[in-house]
Amino acid sequence: MSERLRSQVCLITGSSGIGAATAELAGREGACVFVCSNAEADCARLSLELSRQGVPCGFCVADLRCSPGVTQAVQACLSRFSRIDALFNVAGISGRRLGDGPIHECTEEGWDTILETNLRSVFLMCRAVISQMLTQEPGADGLRGAVLNMASVLAFSPESRFFATHAYAASKSAIIGLSRAMASYYAPFKIRINALAPGLVRTPMSVRAQSDAQIGEYMKTKQALAEDLLEPEAVARAAVFLMSSDSASITGDVLTVDGGWTVTG
């Protein structure tokens, strides 16, 4: 395998599902990997696995919804590796158990928690990491860094039968708007910003969908390429591409990884 991320420092929020799959693939591609999330056991387990594979790594357990937690995580990464070449904002939640749903049923708790976790954390991480990237000398590819934010197909391809979670869709739509605005502003500073929009992926966040036989049957045609939920590795491959110099001329893009969700009706 090539090492598209050789010696690049990748900061990844999230230590399970897509975050873990991306951390492992980035490590195999030569990256130094730093993981941060609020799940201590997952962080420690992932860091140990990366270390066993010979990947330079580190982790920080922090609440990324608040400035002190973000500062703690970013400073811990810098203390370990001195710079940040790529940030992948993966961490997020589905708030159905908190009352997310169709807007006339959505609770204030569900709305506030989803926006705080999915959007505020991205804002805070981008603010801190881009501030750092602006101080860095450009790398061998002439760029100061890359930021990748996690969106969702639900931001622009709604599904009303099984996935009417309007606070979640709002948070992911906002991430796309934020990513495009940042991409425009920071391109002259040689910082790239893109977003990923996955379909339904087999992760801890999608346990409800995984256990629903009707959704499983629906995915056979909705995500026709996979005829199932997607595996985290499918999204991780796209993430590594967008963090690497292979995508050095790409910014302001939203890459859809959905097994056909958006084109199957």
For D100, which of the numbered conditions (1) within 24 Å of A23 (Cα to Cα); (2) crowded, with 23+ Cβ neighbours inside 10 Å fails to hold?
-> (1)
The residue that is most open to solvent (accessible area, probe 1.4 Å), considering only those in the range 104-131 that are within 17 Å of C66 (Cα to Cα), small (G, A, S) and in contact (Cβ under 8 Å) with a residue 12 or more places away in the chain, is A128
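How many of the residues making up the range 175-195 are among the polar types (S, T, N, Q) and assigned to a helix (DSSP H, G or I)? Lay out the reasoning, then the answer.
In the first step, residues of the range 175-195 are kept if they are among the polar types (S, T, N, Q); the result is 179, 184, 194.
Add one more test, that the residue is assigned to a helix (DSSP H, G or I), and what stays is 179, 184.
Of the residues in that region, 2 qualify.
Going through G54, G17, G30 one at a time, which residue ends up being under 18 Å from R83 (Cα atoms) and open to solvent by 10 Å² or more (accessible area, probe 1.4 Å)?
Details: G54 fails: under 18 Å from R83 (Cα atoms); G17 fails: under 18 Å from R83 (Cα atoms).
Residue meeting the stated conditions: G30.
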Restricted to the range 80-113 and to residues being in contact with a strand residue (DSSP E or B) (Cβ under 8 Å, 6 or more places away or on another chain) and basic (K, R), the residue nearest to M243 (Cα to Cα) is R83
Tell me, yes or no, whether the range 132-142 has at least one residue that is open to solvent by less than 40 Å² (accessible area, probe 1.4 Å), closer than 23 Å to I12 by Cβ and touching a Gly at 6+ places or on another chain (Cβ under 6 Å).
-> yes
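The values are calculated or read from the model by the stated rules, or taken from the named source; none is laboratory data. Being a predicted model, the structure only gives us computed values, none of them experimental. All Cβ positions, glycine included, derive from the backbone under ideal geometry; neighbour counts span all protein chains shown. Quick note on the areas: whole protein, heavy atoms, side chains included, nothing else; ligands and nucleic acids left out. Shrake-Rupley method; radii C 1.70, N 1.55, O 1.52, S 1.80 Å.
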